[in-house]
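Here's the structure we're looking at; comments come further down.
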Amino acid sequence: MDTNTSKKINCFIQARMSSRRLPGKVLFKFEDGETVLWKVYSQMLKIKNIDNIIVLTSLEESDDQIEKFCIKNKINYIRGPLEDVYSRFCLALETFPCDGFVRICADSPFANECLINYAIDVFNQNDCIYVTNTIDRN
C-alpha cells in the first residue's frame, strides 16, 4: 500500500459461472491460454493502493470451478449465496476488513487502470463514502 494514505483498499471481483447469456464465461480462455478471470485478476494487480484482491463467488456447485481456480492460483476468495450479492460482500468485508473497496466484474478483462487509480485517489484524498463512474447504467 502507498504510504501516503492510511486507508485500506481491497478489490472485490464478482465471479460466477451461471451467466444466463454466456454460462462459464469467466473461465473461458483467450488465445494465449489465460482465462478471463485471470486477465481481470492480473489487471487488478497493476492498480496502486490495493491491499487485497478477493474473488467473490457463490456456493453453487457450478462455482466450485472458480474455487478450484482460485486455490490453484493462490487467489483469495469468498463463497456466499448466489442470489444475495449483498451477503457475499458483507462476508468479504468481515473476512477482509477495509476502509473502501473496488468492485469489478470477473467478465471485465479490459478495466481501465487509469480510471480505477483516479477513483482510488479521489476516495483517498476526500471525505467520500462512494466513488463511481456509473451512476446511470448505460
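The values are calculated or read from the model by the stated rules, or taken from the named source; none is laboratory data. Fair warning: this is a prediction, and the values are worked out from it, not measured in the lab. Glycine also receives a Cβ, built like all others from the backbone with ideal geometry; neighbour counts cover every protein chain displayed. Accessible surface is based on the protein model in full, side chains and every heavy atom, while ligands, DNA and RNA are left aside. Shrake-Rupley method; radii C 1.70, N 1.55, O 1.52, S 1.80 Å.
How many residues does region 85-132 hold that are open to solvent by 60 Å² or more (accessible area, probe 1.4 Å), within 19 Å of Y41 (Cβ to Cβ) and not in a helix (DSSP H, G or I)?
Counting residues in region 85-132 that are open to solvent by 60 Å² or more (accessible area, probe 1.4 Å), within 19 Å of Y41 (Cβ to Cβ) and not in a helix (DSSP H, G or I) gives 5.
Note down all Cβ pairs under 8 Å where the first residue falls in region 80-108 and is within 25 Å of K29 (Cβ to Cβ), the second is open to solvent by 50 Å² or more (accessible area, probe 1.4 Å), and they're at least six residues apart or on different chains.
L82/R16; L82/L59; L82/E60; A106/R16
Any idea how many residues of region 34-48 are in a helix (DSSP H, G or I) and in contact with a Lys or Arg (Cβ under 8 Å, 6 or more places away or on another chain)?
The total comes to 1.
Right, N49: open to solvent by less than 20 Å² (accessible area, probe 1.4 Å) and over 16 Å from C105 (Cβ atoms) or not? Show your work before the answer.
Working: open to solvent by less than 20 Å² (accessible area, probe 1.4 Å): yes; over 16 Å from C105 (Cβ atoms): yes.
When the stated conditions are applied, N49 passes them.
Please indicate, with yes or no, whether at least one residue in region 10-30 is in contact with an Asp or Glu (Cβ under 7 Å, 6 or more places away or on another chain) and surrounded by fewer than 18 Cβ atoms within 10 Å (Cβ to Cβ). Don't jump to the end; show me each part of the working.
The initial filter retains those residues of region 10-30 that are in contact with an Asp or Glu (Cβ under 7 Å, 6 or more places away or on another chain), namely 10, 16-18, 25-26.
Next cut, surrounded by fewer than 18 Cβ atoms within 10 Å (Cβ to Cβ) only: 18, 25.
Yes; the residues of region 10-30 include at least one that is in contact with an Asp or Glu (Cβ under 7 Å, 6 or more places away or on another chain) and surrounded by fewer than 18 Cβ atoms within 10 Å (Cβ to Cβ).
Name the residues in region 33-70 that are of a type in the set (S, T, N, Q) and at positive phi, would you?
Here is the first cut: in region 33-70, the residues of a type in the set (S, T, N, Q) are 35, 42-43, 49, 52, 57-58, 62, 65.
N49 - this is the single residue of region 33-70 that is of a type in the set (S, T, N, Q) and at positive phi.
Residues are listed down the side, and each one gets a yes or a no for (1) small (G, A, S); (2) at pLDDT below 95; (3) more than 15 Å from the chain's Cα centre (by Cα):
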{"site": "T3", "(1), (2), (3)": "no, yes, yes"}
{"site": "K7", "(1), (2), (3)": "no, yes, yes"}
{"site": "K39", "(1), (2), (3)": "no, no, no"}
{"site": "D51", "(1), (2), (3)": "no, no, no"}
{"site": "K68", "(1), (2), (3)": "no, no, yes"}
{"site": "I78", "(1), (2), (3)": "no, no, no"}
{"site": "A92", "(1), (2), (3)": "yes, no, no"}
{"site": "N112", "(1), (2), (3)": "no, yes, no"}
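Return the total of residues in region 63-79 being β-branched (V, I, T), open to solvent by less than 70 Å² (accessible area, probe 1.4 Å) and without any contact (Cβ under 8 Å) to a residue 40 or more places away in the chain. Lay out the reasoning, then the answer.
Of the residues in region 63-79, the ones β-branched (V, I, T) are 66, 71, 75, 78.
So of that shortlist, the ones also open to solvent by less than 70 Å² (accessible area, probe 1.4 Å) come out as 66, 75, 78.
Filter once more, keeping what is without any contact (Cβ under 8 Å) to a residue 40 or more places away in the chain: 75, 78.
Counting residues in region 63-79 that are β-branched (V, I, T), open to solvent by less than 70 Å² (accessible area, probe 1.4 Å) and without any contact (Cβ under 8 Å) to a residue 40 or more places away in the chain gives 2.
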